[in-house]
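J.: Below: one structure in structure tokens.
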Amino acid sequence: MQGSSPAWMHGSKGKTFTYAWKLFLDSNFQVTGLFCHLHQIKLDGAGVGNPNLTLTARNDVQLENEGTILAKVPLASFKGTWIQIREKITYGPDGCIDFTAYRMKDGYLLMSHKGCGIKLENNGVMIRPKFGFYRSLENKALKNESVRIVDLCLG
């Protein structure tokens, strides 16, 4: 086992996983000008570089694959409300993703992306999901934030 993830969680070419969770950002949630990831699909180990896929908060909440924006909505639509997220991923050099984010109070679809040809490969290194809050701390004016993630399902 590499890193801290159990072997069954390791992504590899052709393997499909579905991840689902609920996310809440405070209505005063503050982003940084650099990076502010709410979720990552990332290679594990030393020197692996940036994540392959991220849900990133900037002025918009963006689903990104190695810098290419796949879907985005204004950050304000994610603040102060619970969001239900579902992501189905097939790993590989021409990987596939089916991503949706719904506002829970009324079921409104905020963002979605479905497609293949997305680089989600491991080159022999374990690739795995990361759930949490990852941001640059170079902006010293940032305050502590509370990001709530509940009902996380992996399968």
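The values are calculated or read from the model by the stated rules, or taken from the named source; none is laboratory data. Bear in mind the structure is a predicted one, so any value in this text is a computation, not a measurement. Cβ atoms come from the backbone with ideal geometry, glycine included; neighbour counts cover every protein chain shown. With ligands, DNA and RNA removed, areas are computed over all heavy atoms of the protein, side chains included. Shrake-Rupley method; radii C 1.70, N 1.55, O 1.52, S 1.80 Å.
Conditions tested, residue by residue: (1) over 26 Å from T90 (Cβ atoms); (2) modelled with pLDDT of 90 or more; (3) not aromatic (F, W, Y).
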site: Y19; (1), (2), (3): no, yes, no
site: G45; (1), (2), (3): no, no, yes
site: P51; (1), (2), (3): no, no, yes
site: I69; (1), (2), (3): no, yes, yes
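J.: Could I ask something else about it? Any residue in the range 46-64 that is under 20 Å from S146 (Cβ atoms), open to solvent by less than 40 Å² (accessible area, probe 1.4 Å) and part of a loop (DSSP other than H, G, I, E, B)?
T.: No, every residue in the range 46-64 fails to be under 20 Å from S146 (Cβ atoms), open to solvent by less than 40 Å² (accessible area, probe 1.4 Å) and part of a loop (DSSP other than H, G, I, E, B).
J.: If you don't mind, there's one more thing I want to ask. Could you figure out which of (1) at pLDDT below 90; (2) in contact with a strand residue (DSSP E or B) (Cβ under 8 Å, 6 or more places away or on another chain); (3) of a type in the set (D, E) isn't true of D60?
T.: With (1) at pLDDT below 90; (2) in contact with a strand residue (DSSP E or B) (Cβ under 8 Å, 6 or more places away or on another chain); (3) of a type in the set (D, E) applied to D60, the lone miss is (1).
J.: Follow-up question, since we're still on this one. Quick one: in the range 65-109, of everything that is touching a Phe, Trp or Tyr at 6+ places or on another chain (Cβ under 9 Å), in contact (Cβ under 8 Å) with a residue 60 or more places away in the chain and farther than 17 Å from C153 by Cβ, which residue is surrounded by the fewest Cβ atoms within 10 Å (Cβ to Cβ)?
T.: Step by step, filter the range 65-109, then rank; the result is T90.
J.: What strands (runs of 3 or more DSSP E) lie completely within the range 73-155 and have 3 or more residues being at pLDDT below 90?
T.: In the range 73-155, the matching strands (runs of 3 or more DSSP E) lie at 92-103, 108-120, 127-135, 147-154.
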